[in-house]
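Take this structure first; my questions come after.
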Amino acid sequence: MNHNARPQMRIVRIYSAAGRTKLNRWMAGAMGGGGLRVRTLVGRGGLALVGLALALPVLAVLGSWLAFDESAALVLRHQAATVLPEYALQTLALAFGVGVGVIALGAATAATVTLADFPGRRSFEWALLLPLAMPAYVLAYAWTDALQFASPLQTALRELLGRRGALWPDVRNAASAAVLFVLCLYPYVYLLARAALGERAVQLMEAARLLGAPLRRRVLAVALPMARPALAAGGALALMEVLADYGVGSYFGLATFSTGIYKAWLVMNDRVAALQLASLLLVLVAALLLAEHGARRQLRYSGSKSGPQHASDARPLQLRGAAAVAAWLLCALPVLLGFVLPVAWLMWLLWQEARASEFGLPLARFAQWGWASFRLAALAALLATALALALAFVLRRGRGWWLRVTARVLSLGYAMPGAVVGIGVLVPFAWVQQRWPTAGLSALATGTVFGIMYAYLVRFCAVALQSVEAGYARIPPSVDETALLLGTGPARVFGRLHLPLLRRSVLAALLLVFVDVMKELPATLLLRPFGSDTLAVVAYNFARDERLAEAALPSLAIVGVGLIPVLLLSRAMRAPT
């Protein structure tokens, strides 16, 4: 060994020993009997209590079966003999149709833009994400008005063809609802399938071509097996959105679990029937969530990126002539039908309403609706992100198994339909009110900001937590260890070190929760504060009353807000890695 290196090694040993001493002292102060330990335990206990409170709606819905008595059995038998078969059949049929449609359309568009090259391919890579900004109920309003018997479109076609009867049947049915859901939900499958195919699909397709495999076999035997976990995960996400829907089902008059829950609670005033339907819907969602988690576990190991030396050798398949036209139409039709034409029709309705109205557009009322939506969405985004930051920081330090359980329970919230969340929030307060009538706690659940914030946190806290945890995954643990070796406390590590590095993740969490709350309809209908209707509720009420021209303005505002994360996502996908 070189003698000149010995003093340097000795210095390293000295500094390492000093560092270990500082770290041991910090750990002793944190875990000892001092005030820091008390504050840490109180903070972790508070987070666990908050997580338990957010899990209470799920527990309330599932716990309703513990009080199953003769009257509850009578209600269940009555539902099983009357409405339950129709709810189950129509919900499952709608889910099956949407599942097949989104997987087929999402896989086809993802394979086309990933494995083939044709005119407009670069534009379609991000344009195919645009229907994500269109809520299903807004799409239903636009297409129902455009295709109805008295619409300018059908009137002009009847005059052109010389016909008097309707050119097509009423679109308010289950089949049309399935088509609309496919048009606005296929981007879930498109995103995951495109990411899976972009790993190694082009290179493996080229290798299969060199081995003499025809195009059909290359697609069926190479590309699709690689994307199978992504297709399953994207399809499960889309189906959870279908099960959670209330706007389309109510507007089209469908007999689904979600519409049945509202009818049982608000129309029939039957709490037991609503709880039974909500628990059955929750079981369906839980099964889909397990399937989606299993697909994602397979997705992690479906492939790895190849090296740059191989990426430059393989090129997408060049399409020309009829094949290029077919690829262009395949990618253009979902964008046109799911975003461009509905937005154009809503803008035309808005223009017609402005011309026909003597007093112009109701901009003053629109400002009130917009302010109510903005206020609720901003407050929910701040609260959800703050809770996610606190929970993610404690989880990063690896303490408290109950906090890990709390985080997993919170992740179930986003999979819960808004109808189930609304019923789950109301039930505990109603139970307390029955036991202690003078407590007055039921007034906190309905018609107050507290009740709607509670529902929003249950529903969307998982979105913020996922974004913050993704940001923490990019910060190596050695950064924390270095700061602790220098004697920095946990609070300062979080405020001076973590927050600047998590800036983008925090902004993403705020934005995602904000947009989700702006579009949320079912829970808002049940729990919104009196006199403060949101844009989603106003658009739904106008459409329900057949005042679709007046629903155009709030609908366009919702779509405009939903465009923000879609554009950021498309920008991130186009950024070089």
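The values are calculated or read from the model by the stated rules, or taken from the named source; none is laboratory data. The structure displayed is predicted, hence computed values, not measured ones. In this analysis, Cβ positions are derived from the backbone assuming ideal geometry, glycine residues included, and neighbour counts consider all displayed protein chains. Ligands, DNA and RNA are stripped out before the accessible areas are found, and what is left, the full protein with its side chains, is counted by its heavy atoms. Shrake-Rupley method; radii C 1.70, N 1.55, O 1.52, S 1.80 Å.
Whole number in Å², please: accessible area per residue of the stretch 205-286, 1.4 Å probe, ligands, DNA and RNA not counted.
Here the per-residue accessible area is 41 Å².
Related question: Can you tell me what percent of all Cα-Cα pairs in the stretch 151-248 are more than 23 Å apart?
Summing the P(r) tail past 23 Å for the stretch 151-248 gives 54 percent.
Turning to a different aspect of this structure: Might you tell me the accessible area per residue for the stretch 477-577, computed with a 1.4 Å probe and given in Å²? Please list the in-between numbers first.
Numbers: 4760 Å² over 101 residues.
Here the residues of the stretch 477-577 average 47 Å² of exposed surface.
Something else about it: FRET efficiency for residue 68 and residue 375, Cβ-Cβ distance as r, R0 = 45 Å, nearest 0.05?
0.65
Could you tell me which of rounded, prolate or oblate describes the stretch 486-577, using a ≥ b ≥ c as the square roots of the eigenvalues of the alpha-carbon gyration tensor, with rounded for a/c under 1.5 and, failing that, prolate when a/b is larger than b/c and oblate otherwise?
Oblate is the answer for the stretch 486-577, as a/c is 1.5 or above yet b/c matches or exceeds a/b.
Write down the accessible area per residue of the stretch 58-144 in Å², having rolled a 1.4 Å probe over the full set of protein chains.
With the other protein chains kept in place, the stretch 58-144 gives 42 Å² per residue.
How big is the accessible area of residue 69 in square angstrom, nearest 10, if you roll a 1.4 angstrom probe over the protein chains?
80
Counting other Cβ atoms within 10 Å, keep those with at most 14, restrict to DSSP loop, and tell me which chymotrypsin sites (Phe, Trp or Tyr not before Pro) in the stretch 525-577 are left.
When the chymotrypsin sites (Phe, Trp or Tyr not before Pro) of the stretch 525-577 are filtered for loop state and at most 14 Cβ neighbours within 10 Å, 530 remain.
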